[in-house]
Structures are given as C-alpha cells and as structure tokens.
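Q: Have a look at this one before I ask anything.
The values are calculated or read from the model by the stated rules, or taken from the named source; none is laboratory data. All of these numbers come straight from a predicted model, not from anything done at the bench. Methodologically, a virtual Cβ is constructed for each residue, glycine included, from the backbone with ideal geometry; neighbour enumeration extends over all protein chains shown. What goes into the accessible areas is simple: the full protein's heavy atoms, side chains included, and nothing from ligands, DNA or RNA. Shrake-Rupley method; radii C 1.70, N 1.55, O 1.52, S 1.80 Å.
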Amino acid sequence: SLKFLFLLCVVWISLFQGCVGSHPKPSCRYPPSQWCRSLEIAIECKVQKQCMEVKAIRPIQAVPPVSVTLYYESMCPSCRVFITQQLFPTWTMLQDIMAITLVPFGNTKIPSVNPVFACQHGQPECRGNMIEACVIHLTGNNLAFHIIYCMESSADVLSACLQLYAPSVSWSAVDSCVKGGLGYQLMEANAAMTRALNPTHKQVPWVTFNGEYTVAHEDKAMSSLFHLVCQLYKVRAVCYFFLDE
C-alpha cells in the first residue's frame, strides 16, 4: 500500500541517505542495525516513531525472501567496500525480504602437494577467512553478519568485534575452531561451494541472487543493491516506490 511505501521511505531517510536529498544522522552511540532493538535505544537515537512504524510492517509470509550469496575474501578491498557500503546497509533495511549467505574463500588456492591454503592477500587473509567461517558456524548467519561487518569496517580484519556483538561466544571457541580441524573443514566446504559456481567466478566480490549470477545483477548490486533486491522480490508493489523504472 502507499502507506507502507511512505513508512519505509521515512525510515530509509532516517537511517541512511534518504529517498531524495540528505538527512542528518541521529547522534547516538548505537549503529543503525540496533536502532529499533529496544525502545530505550530508539529514544536515544530519536527514531522511536519510525521504529514503531517499522514494527507494524511485515512481509507477505507466502513469498520467499531474495537469497543473496556473497563469495568474498576477508582482506579484499573491493569486498570490504561492497560489504560496508551496499550489503550490510541494505540487509539492515530489508532483512525481512532478503536472506544473506556469506562464503569467505574467494580466490584462495589449496595446493595439491601441500594441503595449506594460499590466499590472494597472504596468510593474514587466510586466517581472516577462517575466523569469519568459524564465526558464521558458531553464531549463525544473521549475528555473524554484524560481527563480520564490524571486522570488515576496521583497518584490521582480526579486530575484536566478537565481544561487541556476541559476548556469549568466547574468543577461545573461535580460536579453537581456527586452530583445530573444524576451521579447515569449514574452509573446504566454502571451497566446494565456490568451485561449484556456474559460471565460474572470475573475481571477488562475486554475488548470486537466488542461486544465479548475471553481469547485469552484479553491476547493479555494486551501486544500488537496495533497488535490486526490491526488483527481485516477488511482490514488486512492496518496493516499486524506490525504483527508477
């Protein structure tokens, strides 16, 4: 309905860049993904009205969400830009109609004569990939995405974002996963998923939508993922207000 579209646009303006023009971001100590987590946070960030309106908005249950899978590397500059400027902000707004799968592996190689991962940006990236694979395994996709966004937003992908977003998961559990056999198994699984891509990935980030890759979707995802997810969602009326078409 038009009311739904108006409310969604209001929240988009409040949280990010807006439908038109610009809007000052609220001054508060919480990231946008947490603004509607509680009434206290919403009041501090001055978005309580928008959060109450968003709570009333629910997707049509019979329509499956858009499945977005990102194949990436932890220290790839282009991957970091896509995660922090497109994927995470879009997911924060549209998580009810999109499902994220993160596959940290990318252009990593497993030499046949020496079963040790060789990463495009060296061993620190191999460790970063495995840490992120372990975080996903231990916390689940949604919570892991907050942690990985935090890690990829910083200068050091090994920064302590786990304590901020998942204090119940100890670093020792992640470290045990990385140093033990589980981390290697998770990376082998990511390698299998990456190698199974059709067409074969040519660079990272590599993004598929509902299991499929097209150049057109990739081009649009890099600059306007929010609009693309709206286009791909089966109930087009939900998002058409934001589309250029």
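Q: Which of the residues that make up segment 196-211 are of a type outside the set (Phe, Trp, Tyr) and surrounded by 11 or more Cβ atoms within 10 Å (Cβ to Cβ)?
A: LEU197, HIS201, GLN203, VAL204, PRO205, VAL207, THR208, ASN210
Q: Just for segment 213-234: of the residues that are among the polar types (S, T, N, Q) and touching a helix residue (DSSP H, G or I) at 6+ places or on another chain (Cβ under 9 Å), which one is farthest from SER67 (Cα to Cα)?
A: Result: SER223.
Here is a yes/no grid of residues against (1) open to solvent by 60 Å² or more (accessible area, probe 1.4 Å); (2) of a type in the set (Lys, Arg); (3) at pLDDT 95 or above:
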| residue | (1), (2), (3) |
| --- | --- |
| LEU143 | yes, no, no |
| CYS161 | no, no, no |
| VAL169 | no, no, no |
| CYS177 | no, no, yes |
| HIS227 | no, no, no |
| ARG236 | yes, yes, no |
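Q: Here is a check on your reading of the model: is ALA192 farther than 29 Å from HIS227 by Cβ and touching a strand residue (DSSP E or B) at 6+ places or on another chain (Cβ under 9 Å)?
A: Against the criterion (farther than 29 Å from HIS227 by Cβ and touching a strand residue (DSSP E or B) at 6+ places or on another chain (Cβ under 9 Å)), ALA192 does not qualify.
Q: Take segment 122-134 and flag every residue that is among the small types (Gly, Ala, Ser) and open to solvent by 20 Å² or more (accessible area, probe 1.4 Å).
A: If the condition is that a residue be among the small types (Gly, Ala, Ser) and open to solvent by 20 Å² or more (accessible area, probe 1.4 Å), then GLY122 is the only one that fits.
Q: Now a separate question. Taking the residues in segment 96-121 that are farther than 20 Å from TRP206 by Cα and either modelled with pLDDT of 90 or more or of a type in the set (Val, Ile, Thr) (or both) as candidates, determine which candidate is least open to solvent (accessible area, probe 1.4 Å).
A: Among those residues, the one meeting the criterion is ILE97.
Q: List the pairs whose first member sits in segment 181-200 and is under 15 Å from GLY211 (Cβ atoms), whose second member is of a type in the set (A, V, I, L, M) and surrounded by 14 or more Cβ atoms within 10 Å (Cβ to Cβ), and whose Cβ atoms are under 6 Å apart, counting only residues at least 6 apart or on separate chains?
A: The qualifying pairs are MET193/VAL103.
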